[in-house]
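Let me begin by presenting the structure, written as structure tokens, before commenting on it.
Read-outs: derived from the displayed coordinates by stated rules, not from any lab. As the structure is a prediction and not an experimental result, all values here were calculated from the model. Don't worry about glycine lacking a Cβ; one is built from the backbone with ideal geometry, like all the others, and counts go over all protein chains shown.
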Amino acid sequence: MDADVAIVGGGPVGLSLAVELGWRGIDCVVLEARARSSPRFPTANHISVRTMEQLRRLGLSEQVAAVFPAQWGGDWVGITHLGGFEVARIADALSTPTPRPDSPEREVWAPKLYFDPILERAARSYRCVELRYESHVEWVEERADGVTCAVRDRTGAEGRIRARYVVACDGADSRVREALGVSLFGPPPPPVAVNSVFFRSRRATEKVPKGGVLYSLLGSPDGPTKTRVGAGMLVAVDARELWRIHGPGLDAADARVTRQRLRELGADDAEILMQSAWTPRQGICESLRRGRCFLAGDAAHLVTPFGGLGVNLGIADAFDLGWKIDATLAGWGGAKLLDESYESERRAAILDHLLYQGLDLRGATPRQFRPGLPLHEIPDERLWRDDEHGEAARREFGEALVLSRGNEFDKPGLDLGFRYDGSPIVCGDGSAAPDRSDVRRYAPTARPGGRAPHVATRGGGSTLDLFGRGLVLLRTDPGTDTARFEAAAAARSVPLRVETVPEAAEAYAAPLAVVRPDGFVAWRGAGVPADPAAVLDVVRGA
Ligand SMILES: Cc1cc2nc3c(=O)[nH]c(=O)nc-3n(C[C@H](O)[C@H](O)[C@H](O)COP(=O)(O)OP(=O)(O)OC[C@H]3O[C@@H](n4cnc5c(N)ncnc54)[C@H](O)[C@@H]3O)c2cc1C
């Protein structure tokens with residue numbers, strides 16, 4: 001066996017899994033088709049508060065938070081064009097200056113260009129992790145005790161890598177998914193691709209109103225006549241001179257057309273660095289697992305950029321899978337951990353996220369219900385007039401835009417509130433399910449199946465800092481005797497650590513709770529149960 005785990009694809013999801021497994025001391029190899037130095041198109045930017053909480057555990061959240069200068073701001077801003085008028089603004093929409101009251105972390109703006117290398121350096125720092133670039137996986141084949149990957153290197157030579165498990169993190173057009181014969185289902189993709197351009201322009205930086213990281217452009221300086229559908233989204237990549245834009249009038253296949261368009265929009269010094277044409281798709285795999293092979297990230301599901309879900313959803317797959325592989329290899333994890341719970345838990349979360357984007361795949365028929373941005377409703381050329389009529393039009397349109405659009409990133413009920421209620425490794429406690437009808441609301445709860453709440457601990461830490469290795473039996477009542485629980489765990493070689501945190505009594509609403517390594521509550525009780533071994537067997541998937 002060459003490694004315990006072969007990770008196919010070194011994008012953000014594959015690298016997150018490599019860091020997670022490295023942190024757990026598990027031998028793994030990342031097989032990445034790209035050359036290490038090859039440029040990456042800057043796609044994902046928004047790192048959710050939940051992803052930051054997991055990165056905190058791995059010691060990476062501070063680095064990620066420092067990627068983008070906090071003093072720049074994190075607003076969404078609607079503008080007519082570069083150097084034009086500001087029409088609408090949602091403050092701190094994509095990155096908040098301080099943590100939420102219910103988390104030790106905050107959501108941040110961390111463009112892929114800088115985010116991925118942080119993960120890569122972290123993965124490299126573990127001796128048990130090997131990163132192999134220019135290693136294109138051609139096919140995989142499962143055997144009784146492991147999986148063989150056929151890998152073609154830069155010279156064209158084909159070699160074999162054998163691993164106990166393979167995790168396909170090879171993106172939207174996953175080769176592994178295809179080799180496994182797993183289909184991805186969802187509505188047909190839109191007929192027209194979106195052109196996206198990564199460019200350098202000091203002029204753009206000077207011309208945008210300050211404080212924004214995401215700018216909706218409404219039209220060209222000479223009014224909306226050139227396009228009536230909005231001129232695109234402008235994304236800050238480095239707060240100095242790097243930008244990404246997608247929208248109409250750009251042509252990934254013709255730099256002259258793109259340059260002309262950028263000039264029209266006001267970025268007349270633009271230097272095009274990379275272009276790409278991509279089709280926003282939505283969907284989920286029929287299965288997230290085939291035997292010893294697992295699918296994660298874009299290989300397993302596709303979402304549109306709405307709400308910045310893609311990378312966060314994929315990284316959550318990696319963090320769900322990491323500890324389960326660890327527990328299985330260590331021998332205390334039961335068969336259901338990998339055979340059933342990954343599929344069940346992540347499928348529920350993915351479907352929840354797709355629903356947020358207006359796609360209901362829970363039933364048989366996909367149903368769109370969330371209206372898109374009303375950019376086609378850009379009213380008239382009054383928006384571009386530099387007089388009181390223009391001002392009134394901009395105010396009116398801006399208010400309508402904010403109202404209809406809302407803040408697509410304001411969704412703690414999804415980011416922090418997604419739940420694993422139907423999981424085979426969660427012991428329900430019969431308490432009422434939290435109201436999840438409004439994603440803008442999140443009320444922390446220690447009801448099993450959800451994220452274990454953050455409580456500031458004496459000494460300035462967080463309860464979240466207690467979780468990660470093995471199971472934690474969180475005791476909020478120091479008087480509760482946990483000896484029988486500990487004995488049951490020891491008899492099964494389950495790593496169970498008792499942590500006594502009286503200050504968490506209110507938030508956890510019980511004297512005892514079992515928290516999994518990924519920070520989800522698996523069980524909660526008023527005292528040690530009559531049969532603690534039975535509880536542990538459920539939680540370890542026996
Ligand atoms: C234009 C655009 C804008 C986006 N904006 C956002 C956003 O704002 N927020 C957000 O969260 N998400 C956004 N996304 C989505 C986000 O980029 C993806 O969800 C995320 O990159 C998925 O990560 P991944 O690691 O699963 O896949 P990828 O990032 O696609 O990485 C897959 C890796 O696998 C490698 N690979 C592929 N095939 C093989 C093979 N056979 N063998 C070995 N290696 C292989 C590839 O080279 C690649 O490095 C955007 C996407 C696009 C296209």
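At a glance:
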{"quantity": "Estimated FRET transfer efficiency (Gln71, Arg484; beta-carbon r; R0 35 Å; 0.05)", "calculated": "0.05"}
{"quantity": "Rounded to 5, percent antiparallel among DSSP beta bridges of the chain", "calculated": "70 percent"}
{"quantity": "Student exercise, the range 381-476 dipole from Lys, Arg, Asp, Glu Cβ charges, in Debye to nearest 20", "calculated": "740 debye"}
{"quantity": "Sequence of Tyr215, Tyr133 once ranked by neighbouring C-beta atoms within 10 Å, starting from the fewest", "calculated": "Tyr133, Tyr215"}
{"quantity": "Helical contribution to [θ] at 222 nm, DSSP H n ≥ 4, -39,500 (n - 2.57), averaged over the chain, rounded to 500", "calculated": "-7500 deg cm²/dmol"}
{"quantity": "Burial order of peptide ranges 260-272, 441-453 (average beta-carbon count within 10 Å, highest first)", "calculated": "441-453, 260-272"}
{"quantity": "Virtual spin-label span in nm between Arg36 and Glu142, 7 Å along Cα→Cβ", "calculated": "3.4 nm"}
{"quantity": "Cα-based Rg / Dmax (Å) for the chain", "calculated": "24.3, 79"}
{"quantity": "Equivalent ellipsoid semi-axes - Cα gyration tensor, the range 157-211, angstrom", "calculated": "39, 20, 12"}
{"quantity": "Whole-Å semi-axes of the ellipsoid equivalent to the range 270-329 (Cα gyration tensor, √5λ, descending)", "calculated": "29, 14, 11"}
{"quantity": "Lysine pair number, Cα distance threshold 24 Å (strictly under), the chain, separation 8 or more or different chains", "calculated": "5"}
{"quantity": "Signed unit charges on C-beta, dipole axis of the chain, positive-most listed residue Val439, Leu536, Gly83", "calculated": "Leu536"}
{"quantity": "Per-residue Cβ neighbour rank within 10 angstrom, fewest leading, Thr148, Thr80, Thr98", "calculated": "Thr98, Thr148, Thr80"}
{"quantity": "For the range 278-321, size of Cβ-based charge dipole, Lys and Arg +1, Asp and Glu -1, in debye", "calculated": "140 debye"}
{"quantity": "Dipole-positive endmost among Leu31, Gly468, Ala349 within the chain (Cβ charges, Cα centre)", "calculated": "Leu31"}
{"quantity": "Alpha-carbon spread of the range 25-102, three principal axes, descending order, Å", "calculated": "54, 37, 17"}
{"quantity": "Residue list for the range 394-430, given a label point 7 angstrom along the Cα-to-Cβ vector of Arg100 and an amide N cut-off under 13 Å", "calculated": "409-419"}
{"quantity": "R0 of 45 Å, Cβ-Cβ distance Arg458-Glu340: FRET efficiency to nearest 0.05", "calculated": "0.70"}
{"quantity": "For Arg385, Arg419, Arg395, order by how many other beta-carbon atoms lie within 10 Å, fewest first", "calculated": "Arg395, Arg385, Arg419"}
{"quantity": "Electrostatic dipole magnitude of the chain [Cβ: Lys, Arg +1; Asp, Glu -1; Cα centre; debye, to 20]", "calculated": "580 debye"}
{"quantity": "The range 434-542: Cα Rg divided by the 2.2 N^0.38 Å rule of thumb", "calculated": "1.05"}
{"quantity": "Rounded, prolate or oblate (a/c below 1.5 giving rounded, otherwise prolate when a/b exceeds b/c) for the range 93-157 by Cα gyration tensor", "calculated": "prolate"}
{"quantity": "Pairwise Cα inverse-distance average, inverted: Kirkwood Rh of the range 18-164 (Å)", "calculated": "18.1 Å"}
{"quantity": "Packing-based ranking, highest mean first, of 107-116, 154-163, 174-183 given that Cβ atoms within 10 Å are counted", "calculated": "107-116, 174-183, 154-163"}
{"quantity": "Alpha-carbon Debye profile of the range 1-61, log10 I(q)/I(0) at 0.19, 0.25, 0.26, 0.30 Å⁻¹", "calculated": "-0.84, -1.13, -1.15, -1.21"}
{"quantity": "Euclidean distance of C-alpha centroids, the range 392-469 and the range 48-127, integer Å", "calculated": "18 Å"}
